[in-house]
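Asker: Sharing a structure, written as C-alpha cells. Questions coming.
The values are calculated or read from the model by the stated rules, or taken from the named source; none is laboratory data. Owing to the predicted nature of the structure, the values given are computational and were not obtained by experimental measurement. Don't worry about glycine lacking a Cβ; one is built from the backbone with ideal geometry, like all the others, and counts go over all protein chains shown. Note: areas computed on protein heavy atoms with side chains; ligands, DNA, RNA excluded. Shrake-Rupley method; radii C 1.70, N 1.55, O 1.52, S 1.80 Å.
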Number of protein chains: 2
Amino acid sequence: MTFFPADIIEQTQRIITDFSARGLMVSTAESCTGGLIAGALTEISGSSAVVDRGFVTYTNDAKMDMIGVTTATLIAHGAVSRETALQMVHGALYRSQAAVAVAVTGIAGPGGGSTDKPVGLVHLAAKSRSGKIIHREMHYGDIGRTEVRLATIRTALDMLVEAAD
Amino acid sequence: MTFFPADIIEQTQRIITDFSARGLMVSTAESCTGGLIAGALTEISGSSAVVDRGFVTYTNDAKMDMIGVTTATLIAHGAVSRETALQMVHGALYRSQAAVAVAVTGIAGPGGGSTDKPVGLVHLAAKSRSGKIIHREMHYGDIGRTEVRLATIRTALDMLVEAAD
C-alpha cells in the first residue's frame, strides 16, 4: 500500500493518532533526510491535523535563511554538529505554529565522510514549547545512503514522541 | 536498495546528473506530497549540488509565512488551485538560491474531496529564473493516498525538467 517500510508507517500512524487527540502540531527541519520525515508523517490520512510545516534545509544558506542557523555556528562546528542541530530545531519550532519540532543533520554517504565525521554520523534534536530539549548523536555506520536516512527517520520519530511527553 | 519506486529513482538520477552538469539548483514547495519530492531528489548521491531547499507548506499558515501565498488568494481560490500553486512556486523560487522551482498542492485523500475538488485533484506549477512558467491541473482520480502522492512526484519531476529547458 505505502512504499515506506511498514515499521515507519506504524510509528507515524501512532504519532498522528496520539498527537491529533492531544492537539499537538509538529514541524521538522531536515538536512540528510531531505524531507522524508515530513513525507512519512504525511503518508498518514489525517496528518493535516498534526503536521504544520517542514523545512528542508539542504544547503548552509537554507539552514541560515529558513531557520536561523548562524554563520558562527557553521564555521565553528560545521553543518553536522550538535550545535547546528540545536539551532535548527529552535528555528523549526519558533518559525512555525508547532508545539514540538525535530531537526536532523548528518552524513548519509556514500561521499562526504571524514575521520572526525564519518558516513552514518547524524545529529538529531527535538524541542517542545514546554521547554524540553533532546539531543542525540547517532553513529549508524556506513550502511548505505538509504539505510542511514531510514534509520534517521526512525530515531527522529522516537524523539518527537519523547519531546512531546 | 531504495524504497522509492524504481521509475522515480531513475527520474531523479537523471535530474541530478543533468542539473549538476548544468550548475542548476532546485527548490520545492510541497503540500500534498509533504516533502517527498525533495525526499526523492535527495535519495540520489550527489544531490547536494542540485537541491537547494524545500518548503513543506502543509497548513495555510505555512503557505503564507514560508512562501508568501496571500490570504486573498486562499480565500478566493482555495489552497488547491492554480492561483495558489503559482504563488507557491514564485515564493519557492525567489526565497531560495535555486534556478528552478516546483510547487504542488492537491487532495491526496481519502478525505477532503468535494464535487468541485475531488480526491486526486492536484495543481502543480514550475518556474525558472529565465521566466518560464508551467502550470498543470491533474486529475489522478481516487486511486489511493500513496498513489496520488507518487503520481504527483512523477509529474513534478517532469515539470522541473521542462522548466529548466
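Asker: In Å³ and rounded to a whole number, note down the convex hull volume per residue for the Cα atoms of region A:1-91.
Answerer: Cα-based convex hull of region A:1-91, divided per residue, equals 97 Å³.
Asker: Here is a further query. Using helices alone, I'd like the mean residue ellipticity at 222 nm for chain A: each DSSP H run of four-plus residues gives -39500 (n - 2.57), total over residue count, nearest 500.
Answerer: Result for chain A, helices only: -13500 deg cm²/dmol.
Asker: Residues of the protein assembly as shown: accessible area per residue at 1.4 Å, in Å²?
Answerer: Counting only protein heavy atoms, the per-residue value for the protein assembly as shown is 36 Å².
Asker: What residue among A:T146, B:G68, B:G120 has its Cα farthest toward the positive end of the dipole of the protein assembly as shown, where the charges are +1 on Lys, Arg and -1 on Asp, Glu, each on the Cβ?
Answerer: Result: B:G68, furthest along the dipole toward the positive end.
Asker: Explain nothing, just compute: Karplus ³J(HN,Hα) = 6.51 cos²θ - 1.76 cosθ + 1.60, θ = phi - 60°, for every residue of region A:82-89 in order, whole Hz, x for Gly and Pro.
Answerer: For region A:82-89, the Karplus-derived couplings read 4, 4, 5, 4, 5, 5, 4, 5 Hz, x marking Gly and Pro.
Asker: When the accessible area of chain A is split by element with a 1.4 Å probe, what percent falls to carbon and sulfur?
Answerer: 52
Asker: Please give the total accessible area that chains B and A bury against each other, computed with a 1.4 Å probe and expressed in Å² to the nearest 100.
Answerer: About 2800 Å² of accessible surface is lost on pairing.
Asker: Averaged over A:57-63, how many beta carbons belonging to a partner chain fall within 10 Å of each residue's beta carbon?
Answerer: For peptide A:57-63, the averaged partner shielding equals 6.
Asker: Name the trypsin sites (Lys or Arg not before Pro) in region A:120-165 that are in a loop by DSSP and that have at most 15 other C-beta atoms within 10 Å, would you?
Answerer: A:R129, A:K132
Asker: Shortest first and in nm with one decimal, please list how far the B:D165 label point sits from its counterparts in the other copies (point 7 Å along Cα→Cβ).
Answerer: Those separations, rounded to one decimal, come out as 5.4 nm.
Asker: Viscosity 1.306 mPa s, temperature 10 °C: Stokes-Einstein D of region A:6-164 from its Kirkwood Cα radius, in µm² per second?
Answerer: Translational D for this selection: 104 µm²/s.
Asker: How high is the relative contact order of chain B, given as a whole-number percent (alpha carbon pairs under 8 Å, six or more residues apart)?
Answerer: Result for chain B is 21 percent.
Asker: Need one value for B:83-94: mean number of C-beta atoms belonging to other chains within 10 Å of its residues' C-beta atoms.
Answerer: The per-residue average across the peptide is 0.
Asker: Right, here's the next one. Thinking of the protein assembly as shown as a set of Cα atoms, what percent of all their pairs are more than 32 Å apart?
Answerer: When every Cα pair of the protein assembly as shown is considered, 19 percent fall beyond 32 Å.
Asker: OK, next. Between B and A, which B residue has the Cβ nearest their rotation axis, distance in Å?
Answerer: Residue nearest the B-to-A axis, with distance in whole Å: B:G35, 1.
Asker: Between copies, how far apart are the B:R129 label points? List them in nm, one decimal, shortest first, with each point 7 Å from Cα toward Cβ, please?
Answerer: 3.8
Asker: So what are the ³J(HN,Hα) numbers for region A:107-120, from phi and the Karplus equation (6.51, -1.76, 1.60; θ = phi - 60°), rounded to whole Hz, Gly and Pro as x?
Answerer: Once rounded to whole Hz, the list reads 10, 7, x, x, x, x, x, 8, 4, 5, 10, x, 3, x.
Asker: Please compute the average number of Cβ atoms from other chains found within 10 Å of each residue's Cβ in peptide A:140-146.
Answerer: 2
Asker: So how strong a dipole does region B:6-164 carry about its Cα centre when Lys and Arg Cβ are +1 and Asp and Glu Cβ are -1, to the nearest 20 debye?
Answerer: That gives region B:6-164 a dipole magnitude of about 340 debye.
Asker: Can you list, shortest first and in nm, the gaps between the label point of A:H77 and those of its counterparts in the other copies, using a point 7 Å from Cα in the C-beta direction?
Answerer: A:H77 label point versus its equivalents elsewhere: 4.2 nm.
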